[in-house]
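Peer 1: This is the structure I want to talk about, given as structure tokens.
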Amino acid sequence: MYFEGTITIDPSQLTKINRVKPTKAFRKFLHSLTLGVVSDKEEQETFTAVSILQQINASFRNLGVTNIIKLSHDDIDFYHDKEGKENDLKLALDKYEIEVNEAMSIHFSQLNLVLEHKDETFKYLFEISINRDHKVGVYPIVIKVSGLLNQFASENSKEEIKKVVQYQEVFDLFKKQKHDEFERYLEKIKFEIKHQIAADDIEVFIKTKYILPTKKIASKKEYTPNTTRGGAYGGYYGFDNYIFYSLIWSDVMHDHHTVIHQSHFENEHGEDLGYAEEINSSHEIFNSEANTDSLVTETLSHDPISINEPDEIDTTDDSSSSWFDFGDWSSDSDSSSSWSSCSSCSSCSSCGGD
């Protein structure tokens, strides 16, 4: 069991977002993206995306989240921390500046930032996507938050899970407490983002998730991460114990006939399997040695209303125009009318770095 949160900003709110003057690190990042070879409109769109990235980064820094795992530009990784470095924003942006080239800057459409954080209860994974293209069903800003439980990321993970799931009352109380704690943390993120970006319509969606493997996994060495899927499955440094406890959770529950409510299920590759309003863990889909794709299909619901996904954007425009269209754009990017900035924009932590 783990929790997944999705934070989205409604596209209609983007026209209200302040274009904040980049700090030193993000100004270099913007220069690397444009390279002086794009049009004024493309530069505006790129600048706005980088500005939003900077403001989101500042929101997380204010929450004490300073560890970057990955920085990507159109699915190309320019920085990937495989050693657990801390406070590595500048390192990531410097590496990007060195490696980006002219062709990539011209075809820019998406920026991705992956962060991690740990508190007393959760190990968090944040995946931030900023999409420049205007397409149906694509939110311009999407933040995925995975909350995995520290309590079970140990050598005694099976016994720790058993303590929680063997009695229904204990499990129900545990799940509610952890869900509420995760929800409070996402509300903190929402508050910080609203403070930085000044957009009112920020939505938060939360799922309780379980993995239903199709084969028994006895050790974390037996699992191969799905690096194309991302999330908890992405094989990121420091998450192997967390994915392992999630993989064995259903088998442990299967032995104790625990009733589960309002939960979402996926396979060991991170692919969605469906939703159950209520299901008993005595069902064979919780037994990795008996579980099959057809059994899961027969058992779980695929009703999108039940699954509680964010609604698609209602728009008839399926062109490749941009959400980041703020009207006329002056080629003078240092014009005072184009910037909004704090009083010490060069290197303060509130702006997201030096």
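Peer 1: Kindly indicate the residue of region 189-201 that is over 15 Å from the mean Cα position of the chain (by Cα) and not small (Gly, Ala, Ser) and also surrounded by the fewest Cβ atoms within 10 Å (Cβ to Cβ) among those meeting that condition. First the steps, then the outcome.
Peer 2: Start the filter on region 189-201 by keeping residues that are over 15 Å from the mean Cα position of the chain (by Cα), which leaves 191-192, 194-201.
With not small (Gly, Ala, Ser) added as a condition, the list becomes 191-192, 194-197, 200-201.
Working: PHE191: 14, GLU192: 19, LYS194: 15, HIS195: 13, GLN196: 24, ILE197: 23, ASP200: 10, ASP201: 12.
Filtering first and then ranking leaves ASP200.
Peer 1: If I ask for residues that are without any contact (Cβ under 8 Å) to a residue 60 or more places away in the chain and touching a Phe, Trp or Tyr at 6+ places or on another chain (Cβ under 7 Å), which ones from region 163-184 would you list?
Peer 2: VAL164
Peer 1: Could you tell me whether region 190-199 includes any residue that is within 30 Å of LEU300 (Cβ to Cβ), at pLDDT 85 or above and in contact with a helix residue (DSSP H, G or I) (Cβ under 7 Å, 6 or more places away or on another chain)?
Peer 2: Step one: list which residues in region 190-199 are within 30 Å of LEU300 (Cβ to Cβ), which gives 190.
With the extra rule that they be at pLDDT 85 or above, the set shrinks to 190.
Going one step further and asking which of them are in contact with a helix residue (DSSP H, G or I) (Cβ under 7 Å, 6 or more places away or on another chain), we end up with none.
Scanning region 190-199, I find no residue that is within 30 Å of LEU300 (Cβ to Cβ), at pLDDT 85 or above and in contact with a helix residue (DSSP H, G or I) (Cβ under 7 Å, 6 or more places away or on another chain), so the answer is no.
So that you can scan it fast, the table gives a plain yes or no per residue for (1) buried (at least 21 other Cβ atoms within 10 Å of the Cβ); (2) not in a loop (DSSP other than H, G, I, E, B):
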| position | (1), (2) |
| --- | --- |
| THR224 | no, no |
| ARG229 | no, no |
| TYR236 | yes, no |
| SER246 | yes, yes |
| SER250 | yes, yes |
| MET253 | yes, yes |
| HIS257 | no, no |
| HIS261 | no, yes |
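Peer 1: If you scan region 144-168, which residues turn out to be touching a strand residue (DSSP E or B) at 6+ places or on another chain (Cβ under 8 Å) and of a type outside the set (D, E, K, R)? Let's see the steps before the verdict.
Peer 2: Initial filter on region 144-168 (touching a strand residue (DSSP E or B) at 6+ places or on another chain (Cβ under 8 Å)): 144-150, 153, 168.
Matches in region 144-168: VAL145, SER146, GLY147, LEU148, LEU149, ASN150, ALA153, GLN168.
Peer 1: Output the residues belonging to region 264-295 that are at pLDDT below 90 and among the β-branched types (Val, Ile, Thr).
Peer 2: Within region 264-295, THR292 is the sole residue that qualifies.
Peer 1: I need the strands (runs of 3 or more DSSP E) fully contained in region 73-141, keeping only those with at least 1 residues that are at pLDDT 70 or above, open to solvent by 20 Å² or more (accessible area, probe 1.4 Å) and of a type in the set (S, T, N, Q). Step through it out loud before you land on a result.
Peer 2: Numbers: elements: 76-80, 110-118, 122-131.
Ranges flagged: 110-118, 122-131.
Peer 1: Can you name every residue in region 169-188 that is touching a strand residue (DSSP E or B) at 6+ places or on another chain (Cβ under 8 Å), surrounded by 15 or more Cβ atoms within 10 Å (Cβ to Cβ) and over 15 Å from LYS123 (Cα atoms)?
Peer 2: Across region 169-188, the qualifying residue is only LYS175.
Peer 1: Hey, LYS207 hits all of (1) modelled with pLDDT under 95; (2) closer than 24 Å to LEU295 by Cβ but one; which does it fall short on?
Peer 2: Going through the list (1) modelled with pLDDT under 95; (2) closer than 24 Å to LEU295 by Cβ, LYS207 breaks only (1).
The values are calculated or read from the model by the stated rules, or taken from the named source; none is laboratory data. Nothing here was measured: the structure is a model prediction, and the numbers come from that model. FYI the Cβ positions are ideal-geometry reconstructions off the backbone, even for glycines, and counts take in every protein chain you see. Quick note on the areas: whole protein, heavy atoms, side chains included, nothing else; ligands and nucleic acids left out. Shrake-Rupley method; radii C 1.70, N 1.55, O 1.52, S 1.80 Å.
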